[in-house]
Structures are given as C-alpha cells and as structure tokens.
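In what follows, a structure is listed as structure tokens, so that the remarks can point back to it.
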Amino acid sequence: MSETVLSQESAAKKTQFKVIDTDIHHDIASVDDLLPYLSDHWKRYITDYNWKPIKTTPFHQVRSGTKYRGDSFGENKRPPGSDFEILKKQLLDDHEITYGVLGGWFHEATVATGWFEFAAARAAAYNDYTIEHWLNKDKRLLGSITIPADPVAAVREIDRVGHHPQMVQVMMSIGNFAWGDPRFHPIFEAAERHGLAIGMHLSADITFQGGEFLRYYVAWRAAHPQAYMTQVISLITNGVFDKYPNLKVALIEGGFEWVPFMMNRMDAAYKGLRQETPWVKRMPSDYFRDNMRFSTQPWHDISAKHFLDIIDMMGTDKMLMFSTDYPHWDFDAPKRTLPHKISDDLKNKILYENARELYNL
C-alpha cells in the first residue's frame, strides 16, 4: 500500500467526528395519522368535518414547486419526513448521525391563537405519534414535546410525556407573540423541573415587525433572524433566566451571524436602561453565553476567518450546534458544511459536544 493511500486513510480516520443533528423535521403523511391518538370527541372534527391546518404563508417556494429535497418523497408522493425508513437511510445512516433531534413540522398546534382545547389534543396526539412511529424505532432519535400555547394545557402535556427517556426538549414554535411574557413562565418551570431544554423554531405563521407578511418569499426568508431576535429580547427582559437559571434554550434554524450584534446591542441598552427591569441581574450577553444555543442552519458560504471572527465576538465556542434541516431543500451535510480550516476541537464541539451537553446525553 502506498504512502499516499496510508496518508489519506489516516486523515479520514483523524477527521471522523460524532454528529448530533439538532434540526430534523419529521412529519405526518396527513392529519389522519393523528386519529388513533385522539378521543372520539376530537376525532370527528377530522373525519366528519374535514378539519385541516390552515396555510398561513402567502408564498410558494420556487424550487421545483417544493420546499423539500427532491429525493425525500416516499411512495405515492408521501410527504418528506413522514417515512421512517427513508429518513433513516438518507440521514441517520448515510451521514452517520450519532443522535438526531426531531423538531417536527406540526407548529400549527403551538401557534394557534384560539380553540386551545383542540390544539392541546392535536399536540398530544402528535407527541404520541412521534413516540410510537419514530422514537420507539431508533434510539438515535430524540424528541421534542409539541405543546399548545395555553400554559395550563402545555404544562399538563410536559408532565404527561416529559419523563420519556428520548424526549429532550419542549418545542415552543415561534409565532406572532413573544414567549418571554410572564403568562408563559409556567412552561419554563415545567421544562426545568423535568430537566428538558427549550427548543424554538420559526413557524409559517410569523409576519415580522410591521404586522404583515413581506411581499416575497425571498424577503420573508431573509428576515427570519428578526423573529429570533424578538424572542431572545423577550426572554431576557422578562427575567426568564433569572427565575430559571438552569434553563437552556436552543434557537433552531434562525442562523447565528446576528448573535454578536444582538449581544452588544442588548448590553448597550441594558447599561443605560437597567432600572426599567430590575429583575434582570446580569448583562444580557451573559445569558446568551450561559443559557442559549444556536443551530448552524441555514449555513451561508462564509470563510473560516469570518466564521472564527463571529465565534470570537460571541466570546465562547460553546454556543453553536450543528443541524441539517432535513428534509428541506437547503439541507446541510455534516461533512461539507463547516469550513475545513478550523480546528478539529472546534469541529467536535459544534458537530457533537455542545449539543451533547445541552441535551445531557
């Protein structure tokens, strides 16, 4: 065997990292998949009255008529993310994923602003569906608890399934309201009590500042970080991390380049206006570093230097976690995403270690 081949094999072995994917969208094929987990009272709204989730966004993505990878559809055009075997092969096996966190794609039950009883029933049904058809089939998969926005019902659902060993976070989907408001604090208390992280992922319901949808999908997509900025500001100024200091929040699919900017801006505002929120005891940037984690998706083509500058401005290398966003069209593969010219130690933290610590794996 030549020295060149030996060198290549050694390099491959050296750069083999464990991977935790923090953003996987599993789905139902249709709302009929929820029927076995609904009582007769709620079931009839689907079987007799043809209830379906309302599509809120006015956009249609221009990538072959779909927001998904073209190869992720199942038989008879089964929706991407709804077939366990396809997801297992395309993601867990082909990309050698150590653990994958299922965030779902059923945000509508969480951002619903009325009829909370039915929203709670749908959320519970989706959680039971996730446990039976996903978590029970592969120990590499970890779950997120879907909740309604009604705090009482949300806490009840967290207490119902929060003990499951593969449930690692509570999913608080981002809609047009701020989760830091004190009326939602019982949800954070329940998550902390069960040792669960909080996951925040944007929903299709967000319209951004101004109260209306932006005119184009490309504009709506570019503005996604704004929704996450609103949430972190709300969490900090409402004292969530002062009340629940052990709470950890994962902000998923909102990017990360904006984080140093917001850390500095919030610190500046706090220095001059801290008397307005005396319950906030620390500099806002401290809460970012100690209580928040951010997924890498959507990854933008940035150089190693630019990437390292962002981490340097964050003041820690523990805030970023890798994510693929499977099965969406802008899927990020673990071996192709991070810049090659960063250290193996940093790659290991982003691909695996930071998420392992967050989810107590």
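Observations on the model:
- Other residues whose C-beta falls under 13 angstrom from the C-beta of residue 115 contribute a net charge of -2, scoring Lys and Arg +1 and Asp and Glu -1.
- Here the spin labels are modelled as points 7 Å beyond Cα on the Cα-Cβ line, and at residue 345 and residue 85 they lie 4.6 nm apart.
- Placing unit charges on the Cβ atoms of the charged side chains and taking the dipole of the chain about its Cα centre, the candidate lying farthest along the positive direction among 237, 68, 343 is 237.
- In plain terms, the C-alpha convex hull of the chain casts an average shadow of 19.9 nm² when viewed from every direction.
- By accessible area, using a 1.4 Å probe on protein heavy atoms only, segment 130-175 has 55% of its surface on carbon and sulfur.
- Residue 113-residue 159 pseudo-label distance in nm [points 7 Å out on the Cα-to-Cβ vector]: 2.9
- Each stretch of four or more DSSP H residues adds -39500 (n - 2.57); spread over every residue of the chain, this sum gives -10500 deg cm²/dmol at 222 nm.
- The charge dipole of segment 181-322, taken about the Cα centre with unit charges on the Cβ atoms of Lys, Arg (+1) and Asp, Glu (-1), comes to about 220 debye, rounded to the nearest 20.
- Only Lys, Arg, Asp and Glu carry charge here, each on its Cβ (+1 for the first two, -1 for the last two); on that basis the chain has a dipole of about 400 debye about its Cα centre.
- Surface per residue (accessible, 1.4 Å probe) for the chain, Å²: 46
- Listed pairs 88/349; 67/243; 77/305; 243/335 exceeding 31 Å between Cα atoms: 67/243; 77/305; 243/335
- Cα gyration tensor shape for segment 208-353, rounded if a/c is under 1.5, else prolate or oblate: oblate
- Prolate/oblate/rounded call for segment 77-163, Cα gyration tensor, a/c under 1.5 rounded: prolate
- Taking amide H as placed 1.01 Å from N in the peptide plane, residue 51 has its amide H under 5 Å from the amide H of 46, each at least 5 places away in sequence or on another chain.
- Oblate is the label for segment 14-168, because a/c, from the alpha-carbon gyration tensor with a ≥ b ≥ c as root eigenvalues, is 1.5 or above and a/b does not exceed b/c.
- Remark: accessible surface ordering of 279, 105 (largest first) is 279, 105, probe radius 1.4 Å.
- Where trypsin sites (Lys or Arg not before Pro) fall in DSSP loop in segment 152-236, at most 15 other Cβ within 10 Å: 215
- Filtered GluC sites (Glu not before Pro), segment 190-293: DSSP coil and at most 14 other beta carbons within 10 Å: 212, 257
- Relative contact order (percent, whole number), the chain, Cα cutoff 8 Å, 6+ residue spacing: 19
The values are calculated or read from the model by the stated rules, or taken from the named source; none is laboratory data. Predicted model only: the values in this text are computed from it and were never measured. Methodologically, a virtual Cβ is constructed for each residue, glycine included, from the backbone with ideal geometry; neighbour enumeration extends over all protein chains shown. Side chains are part of the model used for accessible areas, which takes the heavy atoms of the whole protein and leaves out ligands, DNA and RNA. Shrake-Rupley method; radii C 1.70, N 1.55, O 1.52, S 1.80 Å.
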